[in-house]
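See structure below.
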Amino acid sequence: MKSSVEHNIGITRRDFFKSTTITGAAIAAGAGGMLFPVSASSAQQAAITGKTIKEAARETKVCRTADVVVVGGGPGGIGAAVSAARNGADTVLIERYEHLGGMGTGGLVTIIPAMTDITGKQVIAGITQEWIERLDKRDGADYPKKEHWGSTDKKLVEYYNNRSFFYATGNRVGYSAHIDAEISKCLFQDMMEEAKIKTYLHSWGTEPIMEGNKARGVIFESKSGRQAVLAKVVIDSTGDGDLLPYAGAEFETHIERTMRIANLSFSYWIDNVDLKKYEGYKKSNAKELSEKMRELRKLGGSGGFLTSNLKNQENVVWCFPRYANTCQYDVEELTRVEFLGRKEMLITHDFFKKHVPGFEKSFIVLSNMQLGTRGGRRVIGDYVVKKEDMNLKTPFNDTIAIFPNLDDKNPLMYMPYRCLIPRNVDNMLVACRAFSSDAVINDSFNLIHHCVSLGEAAGAAAAQAVNAGIDVRKVDIKALQATLKKQGVILPG
Ligand SMILES: Cc1cc2nc3c(=O)[nH]c(=O)nc-3n(C[C@H](O)[C@H](O)[C@H](O)COP(=O)(O)OP(=O)(O)OC[C@H]3O[C@@H](n4cnc5c(N)ncnc54)[C@H](O)[C@@H]3O)c2cc1C
């Protein structure tokens with residue numbers, strides 16, 4: 001039988017003695033621990049107690065120095081890296097997967113809802129708008145015509161409502177877009193190349209390099225081993241705030257179970273669905289369909305889906321069942337939900353094919369490369385955006401983004417620059433859904449375009465801090481706002 005130590009570290013007693021024979025280096029390490037060679041080729045030694053191992057200090061290669069290093073190539077990271085580089089900062093982007101876009105591509109989340117306010121006036125533009133315009137050139141986006149935004153014409157509202165749940169809210173047409181995930185991946189890499197951003201894909205940012213409370217760079221792991229990027233500003237755009245614990249930054253994780261962001265999702269697309277047939281069946285057999293969906297849920301499947309809406313994709317539907325969980329950045333939970341999601345995907349699709357008209361010849365074309373994560377760590381920043389801030393009538397002095405709020409009384413949400421700055425940490429920004437906010441704010445304002453906007457502000461601020469040789473919390477807010485406006489960001493005044 002293996003001892004627990006052997007079991008924990010995946011090494012057999014035989015291997016252990018074999019390795020010590022090769023180097024003859026096994027010595028007692030005190031406190032019940034032992035020192036033994038980690039690899040035959042290195043002189044590294046680790047102390048092992050059974051519950052933890054103490055890794056020996058090691059030399060890590062600095063593969064690059066930069067002005068700004070961004071960890072995470074999702075919506076927040078793309079906004080941050082592009083904006084930093086376009087403002088003159090030598091920028092590095094580190095992404096764990098083989099593509100850019102985060103949930104917006106690998107998570108199969110392809111809807112950018114509500115870029116207009118309740119009157120139909122556009123309030124989110126900047127890099128999100130550029131992304132949609134680039135997609136347009138390849139028929140990769142679908143949204144209501146600009147001249148219709150704000151219209152309350154009944155026929156138009158009905159037309160757009162039928163096209164997409166997101167195109168008309170409160171009996172008014174608005175600006176929301178369905179986007180192509182695969183084309184987006186390509187466009188994002190074009191944007192990196194054009195801005196001369198040194199990008200490392202297949203690379204996990206594991207910890208920030210800290211000098212006291214000052215961030216000095218990032219360590220990342222990849223097939224090339226463990227390497228470091230030294231930088232003047234570090235931006236955490238991992239979505240989950242992966243760098244925060246190691247930077248000594250405070251963070252919050254509490255989410256009420258009833259909230260949207262409390263759920264993980266396993267997303268997949270079903271193709272070759274005859275949606276006309278399905279819609280016809282749904283219209284004349286609504287009761288029967290809902291009974292079937294009840295039966296499906298009893299079997300472990302789930303019934304809801306959204307349509308693609310893109311040109312030539314009229315047979316594709318997106319399913320994204322939600323999963324309660326104990327923690328969205330716990331590897332065991334992520335694995336559990338990934339396994340469960342895949343099992344239930346088959347249950348659902350088998351049922352649809354057999355019992356739901358329109359799905360007879362359908363097939364599962366793709367499942368998410370990136371499990372749907374909605375809420376992880378939220379940094380405690382220089383300012384925590386709170387539920388009450390939704391009632392603000394006057395923008396914050398350091399407003400760096402405006403988000404539409406679908407509430408008649410408080411139609412605009414202002415985001416302050418301070419919510420990107422981790423309290424008590426220098427040279428670091430958080431530009432993703434881990435921004436400093438309570439759960440209510442995060443639940444409403446952590447969407448794709450919100451994160452691009454936060455990233456865009458963080459990137460411009462980082463470049464400004466580097467140029468001026470100052471900490472990110474000292475940047476000139478008026479100059480930052482002027483830069484953002486020049487980039488097409490819509491701000492007050
Ligand atoms: C099922 C589902 C449906 C949703 N529906 C919508 C919707 O319809 N519209 C909408 O706008 N939003 C929607 N959202 C929310 C939205 O997708 C996210 O809130 C948004 O993508 C967050 O952006 P982000 O940049 O913070 O994080 P992410 O999109 O998660 O991107 C983070 C990036 O960082 C990378 N990364 C993470 N950790 C590391 C690391 N340690 N090292 C290197 N790279 C790392 C990831 O691979 C990823 O590319 C939905 C979310 C889910 C899960």
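What the table shows:
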read-out: Flag if G372 is in contact with an Asp or Glu (Cβ under 6 Å, 6 or more places away or on another chain) and either farther than 17 Å from S265 by Cβ or modelled with pLDDT of 95 or more (or both); value: no
read-out: Candidate set: region 110-144, residues that are of a type in the set (D, E) and assigned to a loop (DSSP other than H, G, I, E, B); chosen: the one nearest to N368 (Cα to Cα); value: D139
read-out: Failed item in (1) without any contact (Cβ under 8 Å) to a residue 24 or more places away in the chain; (2) within 16 Å of the ligand (Cβ to nearest atom), with I470 passing the rest; value: (2)
read-out: Residue within region 470-493 that is in contact with a Pro (Cβ under 9 Å, 6 or more places away or on another chain), at pLDDT below 95 and on the phi > 0 side of the Ramachandran plot present; value: yes
read-out: Residues that are surrounded by fewer than 17 Cβ atoms within 10 Å (Cβ to Cβ), in contact (Cβ under 8 Å) with a residue 12 or more places away in the chain and over 22 Å from E182 (Cα atoms), drawn from region 113-148; value: T119, K121, Q122, K146
read-out: Condition check for P422: crowded, with 20+ Cβ neighbours inside 10 Å and not small (G, A, S); value: yes
read-out: Some residue of region 263-272 being at pLDDT 95 or above, more than 15 Å from the ligand (Cβ to nearest atom), farther than 27 Å from S203 by Cα and assigned to a strand (DSSP E or B); value: yes
read-out: Members of region 91-119 found to be in contact with a strand residue (DSSP E or B) (Cβ under 7 Å, 6 or more places away or on another chain), farther than 19 Å from S453 by Cβ and more than 6 Å from the ligand (Cβ to nearest atom), listed by number; value: V92, L108
read-out: Test: residue in region 434-447 that is more than 8 Å from the ligand (Cβ to nearest atom), surrounded by fewer than 24 Cβ atoms within 10 Å (Cβ to Cβ), assigned by TED's automatic domain parsing to the domain that holds K474 and of a type in the set (S, T, Y); value: yes
read-out: Top-ranked residue in region 162-181 [being touching a residue at least 40 places away in the same chain (Cβ under 8 Å) and among the hydroxyl-bearing types (S, T, Y); ranked as farthest from D407 (Cα to Cα)]; value: S164
read-out: Condition broken by L429, with the remaining ones in (1) within 16 Å of the ligand (Cβ to nearest atom); (2) not assigned by TED's automatic domain parsing to the domain that holds S83 satisfied; value: (2)
read-out: Matching entry among Y278, Y246 (being within 13 Å of the ligand (Cβ to nearest atom) and among the aromatic types (F, W, Y)); value: Y246
read-out: Close pairs (7 angstrom Cβ cut-off, 6 or more residues apart or separate chains): assigned by TED's automatic domain parsing to the domain that holds I470 and more than 15 Å from A249 (Cβ to Cβ) in region 199-219, polar (S, T, N, Q) and not in a strand (DSSP E or B) anywhere; value: I219/T60
read-out: Residue check, S164 surrounded by fewer than 19 Cβ atoms within 10 Å (Cβ to Cβ) and more than 30 Å from N424 (Cβ to Cβ); value: no
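The values are calculated or read from the model by the stated rules, or taken from the named source; none is laboratory data. Keep in mind that what you see is a predicted model, and the values were worked out from it rather than measured. Glycine also receives a Cβ, built like all others from the backbone with ideal geometry; neighbour counts cover every protein chain displayed.
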